Each structure stands twice: as structure tokens, then as C-alpha cells.
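The structure appears below as C-alpha cells.
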Amino acid sequence: MDNFLSTHVIVNHRLTTVWLDRIWLAGIPAVEIFCGRQHLDYHNRAQIDELAHWFDDAELKLHSLHGPIFTDEVWGRSGPHSIISITETAKPRRIEAVDEIKRALEIAEVIPFKYFIQHIGTADEEYDERKVEAAFNSLEELSNFARQRGVRLLLENIPNGFSSAERLVYFLGETHLDLDFCFDTGHAHMNEGIPVAFDRMKERIRSTHVHDNDGVADKHLFPTLAPEGSIDWKKTMELFRSRPGQFPLLLELKDSAEVEHPIDDAKRVFANLESL
């Protein structure tokens, strides 16, 4: 399988070409960039232009972009106004959220990438039919905006009332939106379990977020390296290998001060998983 890395592993650092060089020199051929403004400020043209010039000459490819979930640089701690959610039922707030996401999608105009990872709602948000309608309106607009820039939206399974594997499949069946999935191992493990979620989503999986946890908290642990991780990686890799060539093995790991060499450790994870 192709082994790709999300910059989530360094998300509390400003994304520079130095970090991208390190990823390439580690033998990783492609990345997903996480749109946290402390990391990639998609409003900052100077940062985007610097990265665009680097990617123009680089062999490292930009596989995907993870849509922003907060407008601030402190993970939403500045207040509720900083939360970006496409399920907003108040139209002005929904328009604000969609416009914010569009600013991130505009990166494709200068740095081409294939997929844009989008959440429906926020973590632990409860299911609400009115919010489903808001999500549909948002995604219809965002999908058209993305396609005009050569990008496909992927919906991610996350731990909330809208985004279990079953709910995502049902949502696409009811809305007839032409979207696909990003399969998140940690979130599936916390919800219905990886085998059940994978079976429901497998036809539409185009990318992955691979990380571990204890089945309760969304810790984004390093698979095979973190002792508190509880995912059966042998079985998970068997599931992934049942769909050869359909999606990459893309690690989305926690940025932690306790991990001194995150990119080197990511390489170890790839080797361990591939050897299972």
C-alpha cells in the first residue's frame, strides 16, 4: 500500500518547507495537510505562496487537505464563535462556515491536490434532522466549488450522531450527493468497530486516517508503538488489503511533546503495519 502522512503529527508547529523536506527525506511520497491556522493559515497568502513554490519543484505530492474545524489558532478555545460546522441551522452562520471552508479549498488553485476531507458536524454532536438539511445544502455548494478546482470531497466517519458508517451511507443514499469517504480507524474503533464500519463504507473509501486509541478517547496514538492502543492491527490490515490499490495507508497521528522524532516514528509504524 502507498504510505502517506498527515501533517497532523506536527499540527502545533507552523508548516514550513523544512518540515516538508523532512517528510520527503524520510521516504514518504505524499502528505495530507491539516488546516489548523496555527499550522497552515489558509488566510495567509505569503505562507500559501511559499508552500506553492516549494511544491512546484518538489517530488513530494499533496494528496489531500483536511478541512478546517476552527477559525482560531487554539483549537476552538477562543469561544463557540470559532467553531466551523456545516450543520449550522442558522443560515448566516452556515454561510460563514461554508465561506471559511472555501478559503481552504482555494489552495487547490496554486497547489493541486486530489481530496478534501470534510466533517459533518462537530465531535459528539447529536443527530438532528434540521441539521441534516443544513449539511446537504452546505455539501452541495462545497462539492461544486471543489470540483471546479479539480478536488473531490471525502466525508470522514467521526464520533457524532451524523457520521457513523451507517449514517454516512444513508445520508449519501438519501441526498444522492456524489461524494466518497475517508475511513478513520480510530473513530470507527470508538463507534461500531472497524470491521463493521469498513464493511459499510468500503465501496466508497478513497483515503484513510490511521491511528489508535483505547476505544474511548480520540487520542490519535501511534499504531503498534503506543501501549494503550487497543486496535487489532493485523485484522485491520487484512481488511485494507482486501481492497488493493483503492486507497493509501495515511497516518493521522497526535502532535505530542513526548514524541521527540515523530516522522521517524511514523516510518516505524509503516514498517510494523506492512509486516503484519
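The values are calculated or read from the model by the stated rules, or taken from the named source; none is laboratory data. Here the structure is a predicted model, which means the values were calculated and not measured. Ideal geometry is used to build each Cβ from the backbone, glycine not excepted, and the neighbour counts take in all protein chains shown. Note: accessible area is taken over every heavy atom of the protein model, side chains too, but ligands, DNA and RNA are not part of it. Shrake-Rupley method; radii C 1.70, N 1.55, O 1.52, S 1.80 Å.
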List every residue whose amide H lies under 5 Å from the amide H of Ile205, counting only residues 5 or more places away in sequence or on a different chain, with H placed 1.01 Å from N in the peptide plane.
Phe181
To check my understanding: the extent here is largest minus smallest coordinate of the Cα atoms along each principal axis. What are those three numbers for the range 88-233, in Å, largest first?
43, 36, 27
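So if the hydrodynamic radius of the range 9-165 is defined as the Kirkwood radius over C-alpha pairs, what does Stokes-Einstein give as its diffusion coefficient at 4 °C and 1.567 mPa s, in µm² per second?
Estimated via Stokes-Einstein, D reaches 80 µm²/s.
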14 Å beta-carbon shell around Thr175, net charge (K/R +1, D/E -1)
-4
Per residue of the range 73-88, in order, report the coupling 6.51 cos²θ - 1.76 cosθ + 1.60 (Karplus, θ = phi - 60°) as ³J(HN,Hα) in whole Hz, putting x for Gly and Pro.
10, 10, 6, x, 6, 6, x, x, 5, 8, 6, 9, 9, 7, 9, 4
Pop out the ³J(HN,Hα) list for the range 103-109 in order, Karplus 6.51 cos²θ - 1.76 cosθ + 1.60 with θ = phi - 60°, rounded to Hz; leave Gly and Pro as x.
4, 5, 4, 5, 4, 4, 6
Identify which of Asp57, Asp214, Asp72 has the largest mean-square fluctuation in a Gaussian network model of the chain, with springs joining Cα atoms closer than 10 Å.
Asp57
If you average 1/r over every pair of different alpha-carbon atoms in the range 173-276 and take one over that average, what Kirkwood value in Å do you get?
14.3 Å
With a 30 Å threshold on alpha-carbon distance, the violating pairs from Lys91/Lys219; Lys102/Lys219; Lys219/Lys267; Lys91/Lys202 are Lys91/Lys219; Lys91/Lys202
Between [x] 121; [y] 181; [z] 132, the structure-derived volume of the Cα convex hull per residue in Å³ is [x]
Once amide hydrogens are built 1.01 Å from N within the peptide plane, the residues lying 5 or more places from Ala30 or on another chain with amide H under 5 Å from its amide H are Leu5, Lys61
From the phi of every residue in the range 241-256, what ³J(HN,Hα) in whole Hz does the Karplus formula 6.51 cos²θ - 1.76 cosθ + 1.60 yield, where θ is phi - 60° and glycine or proline is x?
6, 6, 10, x, x, 7, 7, x, 8, 10, 7, 10, 10, 6, 7, 10
Taking protein heavy atoms only, a 1.4 Å probe, and rounding to whole percent, the accessible area of the chain owed to carbon and sulfur comes out at 49 percent
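Could you tell me the relative contact order of the chain? Use alpha-carbon pairs under 8 Å, at least six residues apart, and round to a whole percent.
19 percent
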Using a 1.4 angstrom probe, figure out how much accessible area the chain has per residue, in square angstrom, rounded to the nearest whole.
44 Å²
For Arg22 and Glu106, extending 7 Å from Cα along the Cα-Cβ vector and measuring point to point gives, in nm, a value of 3.0 nm
Mind giving me the nanometre distance, one decimal, between the label points for His176 and Lys91, set 7 Å out from Cα along Cα→Cβ?
2.4 nm
